[in-house]
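A.B. asks: What follows is a single structure, and I will ask about it in a moment.
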């Protein structure tokens, strides 16, 4: 079985802070990481490699420095890594991103494609289903568990608001996976050493057939017209007191507000 | 699709087991407002099975027309079945705007449709307005809620948007409202129905919906582990409150995802929100800052949570919470 996992390098959004004076994002010093949902998807692929000898390819679209997440994937155990990087891809919204990835995927052998549910810098959850549509594949999103029958069928657990669904699908298909689905493995020491010797294939928009008018900013139906930070409300009363006094203060406030 | 000829504000009506979901009614309320500005109509797209008797409800909540797709193939939500049905409606009626709930259904169907229609989709919007030249301005949080972005789709139609549940206001129900019901039977290509639904399981434990709670006792990294959360449970019991969590504790597997407050979790507005050992990453604040009264307890007096708290206690949650629980238990028994 051949699996392609789409991954993305993202800024660790939990580390982003706002400049209180300028009201702008402070992005310097924010670490870049492999998107957590994608890592969950990669772990499923590597489990299928462990148990069924699947071949795992990772692909990412991004600037040249996105090479780092592909090396990380090598160190976790993937067989092949492809970096889509070209100025033509820049400024893409979700649809243009999915156009580029789907066009590239047409040149790779796969039985299943796995993506993360969403990336933490955009939180849109759109690129996975859009790739599935371009490639004419059935999709299951919000995946928290996958059971493979060893031939071609998957029984899939999909998270919903108030529980889950069990769904059945045959390969070829596309899954979008949650980070909470599993505990992704660490890079192995030998893997880390090898990762730097392995070849990351670098593909530009000229490497594979693609309609360039559907890529990047020009191929994006949506445009960001403006961005702004939310104003924060005034801070309330602070108390630095011992625990007894703190409890007293809380209880008095709850009484005042008729909570108790 | 033809931009100049496109018109009307369409709302995808999400139902589960035939029950219209709250977010659909919220969207009808918003759609009514947008349609008035455009001098156009609100059209509800209503797929499901044995649902025809519910069309009038949609009119009462603001729909001028209901396109009812009542067929057995649409009984349960499945991506391809719904994508085919809704695509055919959009193709035939050429809407200017399509709104959907940002639920596990809307966020699965929306992108599939946007790719099929080759148009833009803006996810998880928190505000929708009409620009002076009649386009939809869609505002959404980005970078984990650190930034708000206003997005437009001026050259493609329809302009599509998913909206988070609980953000828009339902219109008040008016049973005397009149509207038109159009029955639409999609032509299905069943050879494309590849995914089968085996079973739907409701989680017993997750019947509690934290968005409905009047008081929330919420824990973060400072609470640490299951044992720490048991202390919060005890306090919650005394206060008849519910326990919720920050993302870190969900990622660590201590709490379930449906208890998560924040940008990638739920948006809550309780009367009282206890933030216990929560530092206050902006992505968390995005889900709770509208709470009526916020009490933050944290060891670190520089924690960002204190910026939004109405009352900030610098101290150890592991000491304060059990003590508070004990004192409240006494207070309650004295009543």
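A.B. asks: Taking residue A:130, is it buried (at least 19 other Cβ atoms within 10 Å of the Cβ), out of contact with any strand residue (DSSP E or B) (no Cβ under 8 Å at 6 or more places or on another chain) and within 7 Å of chain B (Cβ to nearest Cβ)?
C.D. replies: On the way: buried (at least 19 other Cβ atoms within 10 Å of the Cβ): yes; out of contact with any strand residue (DSSP E or B) (no Cβ under 8 Å at 6 or more places or on another chain): yes; within 7 Å of chain B (Cβ to nearest Cβ): yes.
Spelling it out, residue A:130 is indeed buried (at least 19 other Cβ atoms within 10 Å of the Cβ), out of contact with any strand residue (DSSP E or B) (no Cβ under 8 Å at 6 or more places or on another chain) and within 7 Å of chain B (Cβ to nearest Cβ).
A.B. asks: Another question, then. So residue A:123 clears everything in (1) without any contact (Cβ under 8 Å) to a residue 60 or more places away in the chain; (2) surrounded by fewer than 21 Cβ atoms within 10 Å (Cβ to Cβ); (3) part of a loop (DSSP other than H, G, I, E, B) except one condition, right? Which one?
C.D. replies: Tallying (1) without any contact (Cβ under 8 Å) to a residue 60 or more places away in the chain; (2) surrounded by fewer than 21 Cβ atoms within 10 Å (Cβ to Cβ); (3) part of a loop (DSSP other than H, G, I, E, B), residue A:123 fails exactly one: (2).
A.B. asks: Can you spot a residue in region A:164-177 that is more than 7 Å from chain B (Cβ to nearest Cβ), exposed (fewer than 15 other Cβ atoms within 10 Å of the Cβ) and assigned to a loop (DSSP other than H, G, I, E, B)?
C.D. replies: No, the conditions are met nowhere in region A:164-177.
A.B. asks: Give B:137, B:148 a once-over and let me know the one that is modelled with pLDDT of 95 or more, facing another protein chain (nearest Cβ under 9 Å) and farther than 21 Å from residue B:22 by Cα. Write out each step before concluding.
C.D. replies: Details: B:148 fails: modelled with pLDDT of 95 or more.
Just a single option satisfies the conditions, and that option is B:137.
A.B. asks: Looking for something part of a helix (DSSP H, G or I), more than 8 Å from every other protein chain (Cβ to nearest Cβ) and loosely packed, with under 15 Cβ neighbours inside 10 Å - is there at least one such residue anywhere in region A:226-243?
C.D. replies: In the first step, residues of region A:226-243 are kept if they are part of a helix (DSSP H, G or I); the result is A:243.
Add one more test, that the residue is more than 8 Å from every other protein chain (Cβ to nearest Cβ), and what stays is none.
No - not one qualifying residue is present in region A:226-243.
A.B. asks: While we're here: Can you report the number of residues in region B:244-254 which are more than 8 Å from every other protein chain (Cβ to nearest Cβ) and surrounded by 24 or more Cβ atoms within 10 Å (Cβ to Cβ)?
C.D. replies: 4
A.B. asks: Looking at region A:133-147 only, could you name the residues that are in a strand (DSSP E or B) and more than 8 Å from chain B (Cβ to nearest Cβ)?
C.D. replies: First, pick out the residues of region A:133-147 that are in a strand (DSSP E or B): A:139-147.
Result: A:143, A:144, A:145, A:146, A:147.
A.B. asks: Do you know which residues across region A:152-163 are outside any strand (DSSP E or B) and modelled with pLDDT of 95 or more? Let's see the steps before the verdict.
C.D. replies: Filtering region A:152-163 down to residues outside any strand (DSSP E or B) leaves A:152, A:161-162.
Result: A:152, single match.
A.B. asks: Let me ask another. Just give me the residues in region A:48-93 being assigned to a helix (DSSP H, G or I) and over 29 Å from residue A:152 (Cβ atoms), in sequence order.
C.D. replies: Restricting attention to region A:48-93, the residues satisfying the condition of being assigned to a helix (DSSP H, G or I) are A:48-52, A:64-76, A:87-89.
Of everything in region A:48-93, those that are assigned to a helix (DSSP H, G or I) and over 29 Å from residue A:152 (Cβ atoms) turn out to be A:64, A:65, A:66, A:67, A:68, A:69, A:71, A:72, A:75, A:87, A:88, A:89.
A.B. asks: OK, next. Exactly one condition in (1) farther than 22 Å from residue A:117 by Cα; (2) under 13 Å from the mean Cα position of the chain (by Cα) is not met by residue A:65; state its number.
C.D. replies: Unmet condition: (2).
A.B. asks: Follow-up. Given the conditions (1) at the interface with chain A (Cβ under 7 Å from one of its Cβ atoms); (2) surrounded by 21 or more Cβ atoms within 10 Å (Cβ to Cβ); (3) closer than 23 Å to residue A:214 by Cβ, and given that residue B:156 satisfies all but one, which numbered condition is not satisfied?
C.D. replies: (2)
A.B. asks: Right, something else. Being surrounded by fewer than 24 Cβ atoms within 10 Å (Cβ to Cβ), in contact with a helix residue (DSSP H, G or I) (Cβ under 8 Å, 6 or more places away or on another chain) and at pLDDT 95 or above, is that true of even one residue in region A:9-29?
C.D. replies: yes
A.B. asks: How many of the residues in region B:1-46 are in contact (Cβ under 8 Å) with a residue 60 or more places away in the chain and either touching a strand residue (DSSP E or B) at 6+ places or on another chain (Cβ under 7 Å) or closer than 30 Å to residue A:164 by Cα (or both)? Before you say what the answer is, go through the steps one by one.
C.D. replies: Of all residues in region B:1-46, those in contact (Cβ under 8 Å) with a residue 60 or more places away in the chain come to B:1-3, B:5-12, B:14, B:16, B:21-32, B:34, B:37-38.
Retained after the next criterion (residues that are either touching a strand residue (DSSP E or B) at 6+ places or on another chain (Cβ under 7 Å) or closer than 30 Å to residue A:164 by Cα (or both)): B:8-12, B:14, B:16, B:21-32, B:34, B:37-38.
Qualifying residue count, region B:1-46: 22.
A.B. asks: For region B:323-335, what are the residues that are facing chain A (nearest Cβ under 9 Å) and either in contact (Cβ under 8 Å) with a residue 24 or more places away in the chain or surrounded by 11 or more Cβ atoms within 10 Å (Cβ to Cβ) (or both)?
C.D. replies: To start, the set of residues in region B:323-335 that are facing chain A (nearest Cβ under 9 Å) comprises B:323-324, B:326-328, B:331-332, B:335.
Hits for region B:323-335 are B:323, B:324, B:326, B:327, B:328, B:331, B:332.
A.B. asks: Ok, one more. If we scan region B:194-202, do we find a residue that is facing another protein chain (nearest Cβ under 8 Å) and either farther than 22 Å from residue A:161 by Cα or part of a helix (DSSP H, G or I) (or both)?
C.D. replies: Filtering region B:194-202 for residues facing another protein chain (nearest Cβ under 8 Å) gives B:194-202.
Now drop any that are not either farther than 22 Å from residue A:161 by Cα or part of a helix (DSSP H, G or I) (or both), which leaves B:194.
Checking region B:194-202: at least one residue is facing another protein chain (nearest Cβ under 8 Å) and either farther than 22 Å from residue A:161 by Cα or part of a helix (DSSP H, G or I) (or both).
A.B. asks: Any residue at all in region B:57-71 that is in the same structural domain as residue B:157 (by TED's automatic domain parsing) and within 14 Å of residue B:158 (Cα to Cα)?
C.D. replies: Kept after step one, since they are in the same structural domain as residue B:157 (by TED's automatic domain parsing), are these residues of region B:57-71: B:57-71.
When the remaining residues are screened for being within 14 Å of residue B:158 (Cα to Cα), the result is none.
So far as region B:57-71 goes, no, none of its residues is in the same structural domain as residue B:157 (by TED's automatic domain parsing) and within 14 Å of residue B:158 (Cα to Cα).
A.B. asks: How about region B:119-134: which of its residues are buried (at least 24 other Cβ atoms within 10 Å of the Cβ), more than 22 Å from residue A:27 (Cβ to Cβ) and facing chain A (nearest Cβ under 8 Å)?
C.D. replies: Within region B:119-134, B:120, B:121, B:122 meet the criteria.
A.B. asks: For region A:207-220, check the following and say yes or no: at least one residue is at the interface with chain B (Cβ under 8 Å from one of its Cβ atoms) and touching a residue at least 12 places away in the same chain (Cβ under 8 Å).
C.D. replies: Within region A:207-220, the subset at the interface with chain B (Cβ under 8 Å from one of its Cβ atoms) is A:220.
Among the residues that remain, those that are also touching a residue at least 12 places away in the same chain (Cβ under 8 Å) are: A:220.
Yes, that holds for at least one residue.
A.B. asks: Among residues belonging to region B:285-318 that are surrounded by fewer than 16 Cβ atoms within 10 Å (Cβ to Cβ) and at the interface with chain A (Cβ under 8 Å from one of its Cβ atoms), point out the one that is farthest from residue B:142 (Cα to Cα).
C.D. replies: This residue is B:316.
A.B. asks: Out of all the residues in region B:69-80, is one or more touching a helix residue (DSSP H, G or I) at 6+ places or on another chain (Cβ under 8 Å), within 14 Å of chain A (Cβ to nearest Cβ) and in a helix (DSSP H, G or I)?
C.D. replies: yes
A.B. asks: Right, another one. Within the bounds of region A:179-191, is there any residue that is more than 11 Å from chain B (Cβ to nearest Cβ) and touching a strand residue (DSSP E or B) at 6+ places or on another chain (Cβ under 8 Å)?
C.D. replies: For region A:179-191, residues more than 11 Å from chain B (Cβ to nearest Cβ) and touching a strand residue (DSSP E or B) at 6+ places or on another chain (Cβ under 8 Å): absent.
A.B. asks: Kindly evaluate residue B:212 against the criterion of being within 30 Å of residue B:331 (Cβ to Cβ), at pLDDT below 95 and in contact with a strand residue (DSSP E or B) (Cβ under 9 Å, 6 or more places away or on another chain).
C.D. replies: On the way: within 30 Å of residue B:331 (Cβ to Cβ): yes; at pLDDT below 95: yes; in contact with a strand residue (DSSP E or B) (Cβ under 9 Å, 6 or more places away or on another chain): yes.
Answer is yes for this residue.
The values are calculated or read from the model by the stated rules, or taken from the named source; none is laboratory data. Remember, predicted model here, so these are calculated numbers, not experimental data. All Cβ positions, even for glycine, are placed from backbone atoms using ideal geometry, and neighbour counts span all protein chains on display.
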